[in-house]
Structure formats: structure tokens, C-alpha cells
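The values are calculated or read from the model by the stated rules, or taken from the named source; none is laboratory data. Since the model is a prediction, treat every value here as computed from it, not as a measurement. Here the Cβ positions follow ideal geometry from the backbone for every residue, glycine too, while neighbour counts run over all protein chains shown.
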């Protein structure tokens, strides 16, 4: 199952059950035929803006915090501005360097994975460098322009 389908199922689960722990969520995913690691579910929770809320009896459970697309885009632009140091296009890919030793590459790559940017097929992230992969050289150049447009001047 790809990450989009898994995340769709994860949302269905938290919308129909009062899930209070990641362990419980993992079991419910498994009951629906999806095997995932705790780290994967953690990333999914972050990507989907899922937070813990309390009911009237003080019991906590997961729920999605809704963010409109304008806020989501602005958060992406702010993250690019605050953390991207360089962007180099190599054919259908972009190699993007973030603040050294910041571990921010994984966060920004995740934000791009979860965006509605159709020019990005996927990302691969390390500590302070990540790659965006596009279907075409033109799509990669469009992503490069977007990144450069929002980068701080260095």
C-alpha cells in the first residue's frame, strides 16, 4: 500500500475510533491489512496534522487538526525561506541543501511529499540534504524556481 492510501486509511480509523496510542493505531492498521512501523505512523501523524485532543471526561485520542491550503502553502514557503541554503537541478531532480546538521531535510521533504505539487513524484531525504524527483526536466525546473523564489538571500 502506498503512503497516500495508508494515510487515507489512517484518517478513516481515527475518525471512526477513539484511538489513544500509536500502538493501538498500529494494531488497527494491521487489522485492515496494513503493516507499518511506529516511525512510519509517526511521520503519517505529523504529515496529516493529527494531534491528541481530550474528550469531556479527560480521555485523550487522536484527531486531525484542519489547516487550509493557504496556510499549508505559507508554512512550506516559510520553511524553504528559513532552512534552504541551495537548490541544484540535475535533469529531472533537485538536490536541495538545508541548514547544516539540522535534520530539517526530512521535515521539508515530508512537507513537499504532502503538498499538492504535481511536479514532484517523490523525495529522498538525509540529514541536511534531500532530493525531489520529478517526471520531467521541466517539472524539476518548476520546483527549482519555486524553491529559489522562497529562499532567503545567502
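Against the definition (surrounded by 15 or more Cβ atoms within 10 Å (Cβ to Cβ) and in a helix (DSSP H, G or I)), how does residue 117 come out, yes or no?
no
Say we look at the range 1-22 and pick out the residues that are touching a helix residue (DSSP H, G or I) at 6+ places or on another chain (Cβ under 8 Å) and assigned to a helix (DSSP H, G or I); which of these is nearest to residue 109 (Cα to Cα)?
The qualifying residue nearest to residue 109 (Cα to Cα) is 3.
Tell me which residues, restricted to the range 120-129, are farther than 22 Å from residue 72 by Cβ and in a loop (DSSP other than H, G, I, E, B).
126, 127, 128
For residues in the range 57-113 being within 24 Å of residue 138 (Cβ to Cβ) and assigned to a loop (DSSP other than H, G, I, E, B), which is farthest from the chain's Cα centre (by Cα)?
91
Filter the range 39-63 for residues that are touching a helix residue (DSSP H, G or I) at 6+ places or on another chain (Cβ under 6 Å) and free of Cβ contacts under 8 Å to residues at least 40 places away in the same chain and give the result.
41
In this structure, is residue 124 outside the structural domain of residue 43 (by TED's automatic domain parsing) and either over 13 Å from the mean Cα position of the chain (by Cα) or modelled with pLDDT under 90 (or both)?
When the stated conditions are applied, residue 124 does not pass them.
Take the range 79-97 and flag every residue that is within 17 Å of residue 110 (Cα to Cα) and in contact (Cβ under 8 Å) with a residue 40 or more places away in the chain.
80, 81, 82, 84, 87, 93, 94, 96
So in the range 27-52, with the set limited to residues that are on the phi < 0 side of the Ramachandran plot and more than 19 Å from the chain's Cα centre (by Cα), which one is surrounded by the most Cβ atoms within 10 Å (Cβ to Cβ)?
29
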